[in-house]
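Quick notes on the structure that follows.
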Amino acid sequence: MNGLALLAAGAPLLFAAGLAIGRLPARRAARDGTDPGTPVERATFRTLHTASVAAPPLRAGLTPDAARKAVRGLRPLFGTAALGLTAEDRLLAWEGPGRHHAEAALERVRQVLDTGRAQTFAVACADPDCPVRWGAAAPLTVDRRVPGALVVLGAGEPGSGARATEEVARWVSVQLELADLDRTRTGLIEAEVRALRAQISPHFVYNSLAAIASFVRTDPERARELLLEFADFARYSFRRHGAFTTLAEELRAVEQFLELVRARFGPRLEVTLRIAPEVLPVAVPFLCLQPLVENAVKHGLEESAGRGRITITARDEGATARIVVEDDGVGVEPDRLRRILRGEDGPTAGIGLRNVDERLRQVYGDEHGLVIETGVGAGTKVTLRVPKYRPGVHTAPPDTAPPDSEPPDTEVPGVTEPGDGGLRRLDR
Amino acid sequence: MNQTYGIVAVSAAVLVTLVIGSVGLRVSRTTSDFYVASRTVPPYLNAMAVSGEYLSAASFLGIAGLVAAEGVEMLWFPVGYAAGYLVLLAFVAAPLRRSGAYTLPDFADSRLGSTAARRVAGVLVVGVGWLYLLPQLQGAGLTLGLVTGAPHWLGGVLVAVVVTLAVAAGGMRGITFVQAFQYCLKLTALLVPAVFLLLAWHGDPRPARAMEEPPTFRRHTQVTVDSTVRLRIEAPLRAVASGAVDGRAYHGGPLVLDPGVHEIRAGTTLRFPPGTPVPERAPGDGRPGGAAGWAAPLSGGEEEHPLYATYGLICATFLGTMGLPHVLVRFYTNPDGRAARRTTVIVLALVGGFYLLPPLYGLLGRLYAPDLLLTGDTDAAVLVLPERLLGGTAGDLLGALIAAGACAAFLSTASGLTLSVAGVLSQDVLPALGVRRFRLATLPAVAVPGTVSVAAGQLPVASAVGLAFAVAASAFCPLLVLGIWWRGLTPPGAIAGLLAGGGGALTAVTLTIAGPPAGGWARSLLAWPAVWSVPLGFLTMILVSLATRHRVPPGTEAAMARLHLPERPAGRDLPSTRRGVTTP
């Protein structure tokens, strides 16, 4: 009976172990390359295979870890020889006997680095057991720079060893160049993301300041509040850390934005919010909502004379949050909208919409792009669905920006009332 | 039980739930004030929602039934169900929230960066969800059967269909207000009748006799046996029988049973005079039951190894709460780790308070509804008590209230579980289903436990939940605790541990439900797997991780920092500034 219980418990384990054991020999058989063929073919296959096994680690660049793995993979190409890789004249990895010759070899490497030419040299050794008789050092060249060298120490006569060293060094150089390319590509993507970050629109800055100016004489208190809203909003939009924020933070930015818009349009603008509190902690791309609201204001108010209504809805949908921004304004022609989203309608038109759409697609995949329902005179409804969890998406903590992006909160003379904790705690 | 009141109460509970879920919330949350709109769920409300989703049919009906049938030993169930949150609070709550994960597979993914680990965790979540849905559907069948007189399986199937439709149609989303309301309903439904029952008990001219004694029928009692039972009788017993007893047919004639084991055929009706000791159900294999020591520890009912079973229960419930999929998703609603911790503390209080009530019902059930011990329907004790003790309209009304509470219990837990299981099924297990996959996934999410509940028949509700806890503890306790507190965890280690611990427990539990071995240690080991499967899970995870040390995921340091550092420096609570002009 005990046995039965153990059997039941062990069954999944046994299964997993069996699977692993079963796959191991299969993999080994594939690696040994026991296919039939002429000896030359077999030698070629073996060499190519050795090279391809050593390639992946080198794609990480010239690091000690990568060098160690690569050297271990490449050594079979040289038979009994010892193999080393250096970055500049530092030894990164050494595989094989004759470690005590490393210093002498490094001396040669320095010369190789200076001249950029490969060298072959004889090695004399006092130790009778030491098999090393000759050595070769070849430069690794990446983009005309020489970041390091390959060192080979061998027994017997140098013979083809020197030639092989040069060839392998050239092959390693190619891998390192690929690594460089990889890095460049990653950098490019990051730069693209940075460039895609929403920018505060110049029109908005101008309009807001003009509206605030109109209050300075008639209602200085209101003007002061609006200026503070403007400062807060600017701080939020200019912050440089973290590509994501929470929906709650994003709503706060929208609020500041709408306060400034109201200064211009007064009671013509009506806003309705229907936010499920469950989705407030969801991480969303930084400034993904404000451009949509800005767009709604533009279509709902700026292009018509009457009142405009904007509705912002956020709903919990299990593993995703659905956010909808709706206005009852003039709407857009669907064809024109399509062109805007494809970026074919001039550089300035609807830049906010396209920007948000591209960022959403980049982070969450194509199925999470904006869904826009609109027609001429029928208003516009923009829907975005944000997954609650996506690997790599983490909200940056609010208000912990590096000092250089902190606004001079408490240093503005004459604004801070003593004891009220700065500008953040205002009346109302 | 008065069926009209019962049906009205159950329908009202369902309706109010749906109404709050759709219309009421829309009205109450519509605002033009950003300050109102961007208020996150406060911890107390979230805690009520967690409790509302957590207190299932097992808590509402099952615990009282087990206590009535098997004695104070079963008090470990409520203790464990509540204490699980203590472990959750100490080790998991805040870091899990900080990880940003919404489900358990999300956590495996974010901590280990491995799709394979994610898949394995997903499969185990589905297993735990199905196991947990099983007793919910059975509780539903029991309640609806008592209220409407329908056969048990019909109620389960009906609730399965309702939950599937509601979840697939988009209703019953994890709306905090609805779940919080469910908690209030459940608490009221047990608390108010409890007050009346206590008063009635107090005013009873024949107060409770010693607990040690076998309970006796207090008045003329008629019992109809639904399925064939074997009774063990200590002293000669007189009754009036119609049906078949020991293979002989009776038609309303007197019956005298000598000491020994007797078989009562299904459908037989027995009438007992007052003062008769309640005959005891003999286990299938004729072993002596343990009911003699009802009030003594380790009385353990039918368990052969009561001490082992107790440890199994403690292991499963203490460590299993953190692995319940429908509870964990609610923690995402907290704005940060600190709020998650506060929520857990309040949940401890709310759940702990609630669990004071079911044992009371169990005790009263043993005194006033002893015929349930005979038929084996002890899970119904809570539902029939008001009628037995109070009678009349008051009894009917209170009974209806309890029925409504039970209805809330299995509806809320079942819909929460269905949502979680369907979500994981559609996202991690069957990703090929396409865009509309969530709705499709709802079907297997409910159909599988529904079928099993019809096929498996009678399984004590609270024990079945214990099995779900055992699997959750064996699979996810090692993953969460090691994932949060140990840098050395590797994806192969996590997968091996999940398979060994969770897979082992799942196998044991499946064998137990399918038909356990007759007795001995094998039966106990399979019925209470947590004692060996949780250490097995931990050990496998640690050893395999140590063996594959080079596979420690590269982002581990950053992930650990995110899990353990507070979101913002101490003393810099975000001031909820209310500023600016709102819509005039």
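What follows is calculated from the coordinates using simple rules that are stated; it is not laboratory data. As the structure is a computational prediction, the values presented were derived from the model and not from experiment. All Cβ positions, glycine included, derive from the backbone under ideal geometry; neighbour counts span all protein chains shown.
Each Lys or Arg adds one and each Asp or Glu subtracts one; over the other residues with Cβ under 12 Å from the Cβ of A:Thr383, this totals 0.
Quick one: grab the alpha carbon gyration tensor of the range A:225-264, order the square roots of its eigenvalues as a ≥ b ≥ c, and give me rounded if a/c is under 1.5, else prolate or oblate depending on whether a/b is larger than b/c. Oblate, because a/c is 1.5 or more while a/b does not exceed b/c. Under 21 Å of direct C-alpha separation, and excluding same-chain neighbours fewer than eight residues apart, A:Lys381 reaches these lysines: A:Lys298. Shielding of peptide B:106-114 by partners, expressed as the average count of other chain Cβ atoms within 10 Å per residue Cβ, is 2. The protection proxy used here, the mean number of other Cβ atoms lying within 10 Å of each residue, ranks peptides B:408-417, A:146-155 as follows, highest first: B:408-417, A:146-155.
Its Cα gyration tensor gives the range B:299-422 an equivalent ellipsoid. The semi-axes, each the square root of 5 times an eigenvalue, are 31, 22, 14 Å from largest down. When the P(r) of the range A:70-157 is calculated, the portion above 22 Å amounts to 19% of the C-alpha pairs.
The packing ranking, built from the mean of other Cβ atoms within 10 Å per residue, places the peptides B:312-323, B:139-150 in the order B:312-323, B:139-150, highest first.
Relative to the 2.2 N^0.38 Å rule of thumb, the range A:276-390 has a C-alpha radius of gyration ratio of 1.05. For B:Thr216, the residues whose amide H sits under 5 Å from its own are B:Val278, ignoring neighbours fewer than 5 places away on the same chain, with H placed 1.01 Å from N. Inverting the pair-averaged 1/r between distinct Cα atoms of the range A:138-248 gives 19.9 Å as its Kirkwood hydrodynamic radius. A simple packing score, the average count of other Cβ atoms within 10 Å per residue, orders the peptides A:44-50, B:420-426, B:55-61 as B:55-61, B:420-426, A:44-50, with the highest score first.
Once backbone amide H atoms are built at 1.01 Å from N, B:Ala244 has B:Tyr250, B:Arg265, B:Thr268 as its partners under 5 Å, excluding neighbours fewer than 5 places away on the same chain. Compute the separation of the alpha-carbon centres of the range B:116-142 and the range B:302-346 and state it in Å as a whole number. Using only Cα atoms to place each centre, the spacing works out to 15 Å. Inter-chain Cβ neighbour count for A:314-325, averaged per residue, equals 4 (cutoff 10 Å, partner chain atoms only). Taking other Cβ atoms within 10 Å as a rough exposure proxy, A:Lys388, B:Lys186 sort from fewest to most as A:Lys388, B:Lys186.
The per residue volume of the convex hull around the alpha-carbon atoms of the range B:17-165 is 184 Å³. Each listed q (0.11, 0.16, 0.18, 0.20 Å⁻¹) maps to a log10 I(q)/I(0) for the range B:457-561, found by the Debye formula over equal Cα scatterers with no solvent: -0.39, -0.68, -0.79, -0.90.
Within the shell of other residues whose beta carbon sits under 14 angstrom from the beta carbon of A:Phe78, the net charge comes to +1, with Lys and Arg scored +1 and Asp and Glu -1.
Inter-chain neighbour count for B:176-184: the average number of beta-carbon atoms from partner chains within 10 Å of each residue's beta-carbon is 1. With all projection directions averaged, the alpha carbon convex hull of the range A:233-336 covers 7.6 nm². Applying both filters, DSSP loop and at most 13 other Cβ atoms within 10 Å, to the GluC sites (Glu not before Pro) of the range A:285-363 gives A:Glu303, A:Glu344.
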